[in-house]
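The next block holds one structure in the form of structure tokens; read it before the comments.
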Amino acid sequence: MANITIELIRKRSEHNEGEIGTLEEISLHQEDITKIENLQNWCKDLKILLLQSNLIFKIENLNKLKKLEYLNLALNCIEKIENLDRCESLNKLDLTMNFIGKLDSIESLKNNTHLRTLYLTGNPCTDYDGYREYVIGILPQIDILDGIDVTSFDKLVAKQQLSSVKPKIIAQQKTYENFRIKQKKSSKSLNITEETLDTYEKNYDESDEDFWNQPSENTPECRVEMALHSRRAQRKQDEAKRTPKEKPCRTPKLFAEDGRPYNLNQPKVPYKMENEDNRYVLTVHVYKFMDTSELDVDVQPTYVRVTVRKKVLQLALDEEVRVDESNAKRLIGSKLLEITMPKVKQIICPVKKQCATDKNFHGENKLILTDEVFDSQKHVEFWNITNSSTSLKKIGDNNLENFVDNSEVPPLE
């Protein structure tokens, strides 16, 4: 549980630029404070002190706050009013929703002559018969009790009935004290006090779900337990926020059962696959400012895989490629990754011959397509190359051009 430290006070005194020596107002609510300490030494000029919604068991260490005008101790674990008689300027005291059963302890406020407003709503003592008359009779200086104005007539009646009401209050108070003793013995909650609170928190094992599912009692011990569970739940939420949630990574299925590679684009990057005669060229549009170390290229005979920030782009190939001759390069100044993969079965095409030229009567260059050009545009069949009619025709034509008839040579039989 929290203590009142110099760091906490400076944090809550931002409105005074962190200066605590001249601080006149401070709010320390909902800090799980268990003990009032250090304030009377560090902040002697305090006029407003808000300590509601904590786990304070006892009113103490406020004697030096001579300028204190408003003290709020609502929603704590206080069972007795004490140690406020030297707060000479105290004008308003809020003790709503505590566990004050010892009503005669309000007599310690007799010397607080400036006290005008008192709140005891939600305390067990408010159920006593004659409670209002008793409080007004003991503290005639107050003008508002539990939000209701105290008139002069109320003060006169209370003064007259005080002698008869006081014994009733003492008797009811004694009954409540006996009830509290039995309650502590039979309570499911352990006997938690200010001194045992830290040890209790360390050794506490009950789960949050079991606690919130069982009925609770209106006791200081149960309030502490509720604070412990709430604090533990808040701590778990804070730890969950600080710890980034790791999303479960789904492993992509890259191959079919028969070993056939799948096409996959996990990073959802645009790409272009060019199927040329002798090679495949894959162009991938990766992120422009991404470091090359976050890229990985894997070329296999039947597929190519590009890993972009642990996300897979895989493409199946229709023809096998030469892995050892494949290469990848990233173009400088652009976001393009180019992968070149030569094919294993390459298609061999003949080299085109340069067309012959002739000049027409206008003197213009004119392309004359020879038979060789037409032949070069046809696919070559290597197994039938010797039987080509065109080749035979060319050979015969060449022989006729160079033929010389010699009469001395006898004709062939």
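The values are calculated or read from the model by the stated rules, or taken from the named source; none is laboratory data. Keep in mind the model is a prediction, meaning the values are calculated, not measured. In this analysis, Cβ positions are derived from the backbone assuming ideal geometry, glycine residues included, and neighbour counts consider all displayed protein chains. Remember, those area values only see protein heavy atoms, side chains included, never the ligands or the DNA or RNA. Shrake-Rupley method; radii C 1.70, N 1.55, O 1.52, S 1.80 Å.
Answer with yes or no whether SER293 is out of contact with any strand residue (DSSP E or B) (no Cβ under 9 Å at 6 or more places or on another chain) and under 30 Å from ALA74 (Cα atoms). Considered against the rule, which asks whether it is out of contact with any strand residue (DSSP E or B) (no Cβ under 9 Å at 6 or more places or on another chain) and under 30 Å from ALA74 (Cα atoms), SER293 comes out as no. Applying the set (1) over 34 Å from the mean Cα position of the chain (by Cα); (2) in contact (Cβ under 8 Å) with a residue 60 or more places away in the chain to GLN40 leaves exactly one unmet item: (2).
Residues in the stretch 122-163 that are open to solvent by 30 Å² or more (accessible area, probe 1.4 Å), of a type in the set (Val, Ile, Thr) and within 16 Å of SER105 (Cα to Cα): THR126 only.
The one condition from (1) under 27 Å from GLU79 (Cβ atoms); (2) at pLDDT 80 or above that MET273 does not meet is (1). Taken together, the residues in the stretch 23-33 that are modelled with pLDDT of 90 or more and either touching a strand residue (DSSP E or B) at 6+ places or on another chain (Cβ under 8 Å) or β-branched (Val, Ile, Thr) (or both) amount to 7. Only one entry of ASN54, ASN98 meets the criterion of being of a type in the set (S, T, N, Q) and out of contact with any strand residue (DSSP E or B) (no Cβ under 7 Å at 6 or more places or on another chain), and that entry is ASN98.
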